[in-house]
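Take a look at the structure below.
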Amino acid sequence: MFVDHINPPELVKPSGFSHATRCGDIVHLAGQTALTLDGTIVEGGILAQFRQALTNVLIALEAAGGTPQDLLSVTIYLLDIPGYQAVGREIGRIWRELVGEAYPAMAGIGVTALWQPEALVEIQAVAALGSDRS
């Protein structure tokens, strides 16, 4: 099968990876931090970074032909699990605002570092295009 490498212009140009790869109806979405198009990590703590990282994932998903409802699994890599848990309700509100009420399989994993030293969160996902889980 053909693999399509997808790098939307709304995201920083990748070096050594693709923002998304699509094979048939399956899309693998690269880990996204709160990196903006100008190459900086957003300020404002975990909430602002979660919002930007999730937005970046959704930009890549849309460029691959998908919608938030197509998400099958999401992995969230975190530098500060207790800090993330402390704002869990707000994280949930951001999720519902950007994705809706669909909740795919998810994992939160504590890590000691992310690629950009300022990053507090990174989100990676897998989607199946055309899913109707509503």
Could you tell me how many degrees, from 0 to 90 and to the nearest 10, lie between the Cα long axis of helix 88-98 and the main elongation axis, the longest principal axis, of the Cα atoms of the chain? 30 degrees
Relative contact order of the chain (C-alpha contacts under 8 Å, at least 6 apart) in percent is 32 percent
Once you charge only the Cβ atoms, +1 for Lys and Arg and -1 for Asp and Glu, what is the size of the charge dipole of the chain about its Cα centre, to the nearest 20 debye? 160 debye
Once Lys and Arg are counted +1 and Asp and Glu -1 for all other residues with Cβ under 14 Å from that of Val42, the total becomes -3
Using per-residue counts of other Cβ atoms within 10 Å, averaged over each peptide, order 46-59, 100-113, 82-95, 27-40 from highest down. 46-59, 27-40, 82-95, 100-113
Once all Cα-Cα distances of region 31-84 are split into 5 Å bins that start at 0, what whole-number percent is in each one? 4, 18, 26, 24, 16, 9, 1
Separation of region 70-86 and region 28-43 by C-alpha centroid, Å? 15 Å
If I ignore ligands, DNA and RNA and count only protein heavy atoms, how much of Glu10 is accessible to a 1.4 Å probe, in Å² to the nearest 10? 100 Å²
Please grab the % of Cα pairs in the chain that end up more than 18 Å from each other. 51 percent
Output the 0 to 90 degree angle, nearest 10, between the alpha-carbon long axis of helix 45-63 and the longest principal axis computed from the alpha carbons of the chain. 0 degrees
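The values are calculated or read from the model by the stated rules, or taken from the named source; none is laboratory data. This structure is a prediction, so every number in the text was calculated from the model and none was measured. Neighbour counts are summed over all protein chains in view; Cβ atoms, including those assigned to glycine, are modelled from backbone coordinates with ideal geometry. Calculation scope for accessible area: heavy atoms of the full protein, side chains included, ligands and nucleic acids excluded. Shrake-Rupley method; radii C 1.70, N 1.55, O 1.52, S 1.80 Å.
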